[in-house]
1. Going by amide H atoms built from the backbone, whose H comes under 5 Å of the H on Thr65, apart from near neighbours?
2. In nm, to one decimal, how far is the modelled label at Leu59 from the one at Ala6, with both set 7 Å along Cα→Cβ?
3. For segment 1-47, what are the per-bin percents of Cα-Cα distances with bins 5 Å wide, up to the bin holding the maximum?
4. Taking the Cβ of each residue in Ser9, Ser3 as the centre, tally the other Cβ atoms inside 10 Å and list the residues starting with the fewest.
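Just so it is clear, none of the values below were taken in a lab; they were calculated from the coordinates. None of these values were measured; they are calculated from a predicted model. Cβ: placed from backbone, ideal geometry, glycine included. Neighbour counts: every protein chain shown.
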Amino acid sequence: MTSVIATISLKGGVGKTTVTAGVAELMAGEFGRRVLLVDLDSQINLTTMFLGDERWLKLNAAGHTHRCGRSTGRADSSTSSAN
């Protein structure tokens, strides 16, 4: 049977990403469930938590990401890290 668990809060800094990642890891690791995470937050922290910045930038540059209602075929300056 399929179950849906959603986390939402309009306030920032309340731990949505951490809670969501923790619940996903618990469901997969402890209960053997298949988990699909959908990151609708414009900051994409959940996505980069699981993929890592480097892999996300590579996928984004190849046009395999969708952000803010539009497909992005290149890494934009808001996602690149300062070195």
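1. Thr72
2. Inter-label distance under the simple model: 2.2 nm.
3. Bin by bin from 0 Å, the calculated values are 4, 19, 32, 23, 13, 7, 1.
4. By the 10 Å Cβ count, ascending: Ser3, Ser9.
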